[in-house]
Amino acid sequence: MEATQRQPGKLYPAIEPYNSGWLRVSDIHEIYYEESGRRDGNPVLYVHGGPGGGCLESHRTFFDPSVYRIILFDQRGAGKSRPSAELKENTTWDLVSDMERLRSHLGVERWALFGGSWGSTLSLVYSQTHPRHVKALVLRGIFTLRREEVLWLYQEGASHVFPDEWDKFIEPIPKVERGDLISAYHRRLTGDDEQEKVRCARSWSQWELMTSRLQTDVPLINQILGNDSFVLNFSRIECHYFVNGGWFEEDDHIMSRIDTIRHIPATIVQGRYDMITPMKTAWELHKRWPEAEFHVIPDAGHSQSELGTRTKLMEACEKYKNL
């Protein structure tokens, strides 16, 4: 009765992992993972965003712990994974391989994937690579890492809606380099000047945080920006992926391969006023994948914490929990 009487969008109570550890995935990298909820339950993997965002304790609370075997992991260089913010051997394809290695390590035959923003990108790529191991997809804030999507946020597009915040974002970069802001930031975030690196990491992170919700959570943003370790992980890894185009051979790598996963049950949730990953991409995905449930949240931006978005995500998790 608990699941059917829950207030819409109400997260499950906080829980602690019953298993956690690090899995060595290369000579350089170890990824952190944890399991909570029901030991013999329906496996679901939370795929965090960024890239470089890492997982939070609150991410466990989207799922009914009496039914789901809840698996969280930090991608290479992110969160508790080691070494922190490492860019070597850190590509989309390394992460897909890591997810498959983690699945095998945990003895999971098939699992559901829950991913938003970059988490939607990685969930889609993994599913297209290993469709037989995916039983359902819950996706939010669709991002396929096409060049136009990256340029919208980091060159021109969102800048027209947030010109005040945009001025703060471009301030660390000399005017002569502003024709390619991603490359300009990449040079500084991977350079030897530690003071400049932290300054640019904060600026990069602040731009994304200030544009992520309809109602800006300033205290939360200030708390995040005060964590040098997080902003360095987040900005360095994110910029590293974007400057390399995700290591896709084709700009439309994900969209052109949607037919390989159209048989997988899926729910897509998109905020109407998402400035990070605008609805255009989600709409194109919906047209290519009409079998997937598609929900547009009329009063939401990019964050999974916004009530309408959170409610639909949790409804999808309820729907798929007995697959």
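There is no residue in region 283-291 that is acidic (Asp, Glu) and under 30 Å from GLY191 (Cβ atoms).
Among the residues of region 30-41, those identified as under 21 Å from ARG101 (Cβ atoms) and surrounded by fewer than 22 Cβ atoms within 10 Å (Cβ to Cβ) are GLU30, TYR32, GLU34, GLU35, ARG39. Within the option set ALA136, ALA158, being touching a residue at least 40 places away in the same chain (Cβ under 8 Å), small (Gly, Ala, Ser), assigned by TED's automatic domain parsing to the domain that holds VAL108 and more than 15 Å from TRP118 (Cα to Cα) holds for one residue only, ALA136. Residues satisfying the criterion are present in region 23-44 (criterion: over 25 Å from LEU209 (Cα atoms), of a type in the set (Phe, Trp, Tyr) and either in contact with a helix residue (DSSP H, G or I) (Cβ under 9 Å, 6 or more places away or on another chain) or in contact (Cβ under 8 Å) with a residue 40 or more places away in the chain (or both)). Here is the figure for region 68-97: residues that are touching an Asp or Glu at 6+ places or on another chain (Cβ under 9 Å) and over 25 Å from THR129 (Cα atoms) total 3. Would you check if GLU30 is of a type in the set (Asp, Glu), out of contact with any Phe, Trp or Tyr (no Cβ under 8 Å at 6 or more places or on another chain) and within 26 Å of ASN227 (Cα to Cα)? Taking the combined requirement at face value, the residue does not satisfy it. Taking region 226-240 as the range and being surrounded by fewer than 17 Cβ atoms within 10 Å (Cβ to Cβ) and free of Cβ contacts under 8 Å to residues at least 40 places away in the same chain as the test, the residues that pass are GLY226, ASN227, ASP228.
Filtering region 257-305 down to residues that are part of a strand (DSSP E or B) and of a type in the set (S, T, N, Q), which residue is farthest from PHE162 (Cα to Cα)? So, considering only residues that are part of a strand (DSSP E or B) and of a type in the set (S, T, N, Q), the one farthest from PHE162 (Cα to Cα) is THR267.
The test for being assigned to a loop (DSSP other than H, G, I, E, B) and touching a residue at least 24 places away in the same chain (Cβ under 8 Å) does not hold for ASP192. The sole residue among TRP247, TRP283 that is surrounded by fewer than 17 Cβ atoms within 10 Å (Cβ to Cβ), among the hydrophobic types (A, V, I, L, M, F, W, C) and free of Cβ contacts under 8 Å to residues at least 40 places away in the same chain is TRP283.
GLN7 satisfies every condition listed in (1) farther than 23 Å from ARG110 by Cβ; (2) touching a residue at least 60 places away in the same chain (Cβ under 8 Å); (3) assigned to a loop (DSSP other than H, G, I, E, B) except (2).
Here THR129 fits the description: surrounded by fewer than 19 Cβ atoms within 10 Å (Cβ to Cβ), polar (S, T, N, Q), within 19 Å of THR92 (Cβ to Cβ) and at pLDDT 95 or above.
The values are calculated or read from the model by the stated rules, or taken from the named source; none is laboratory data. These numbers were taken from a predicted model, which means no experiment stands behind them. Using ideal geometry, Cβ is built from the backbone for each residue, glycine included, and neighbour counts are taken over all protein chains shown.
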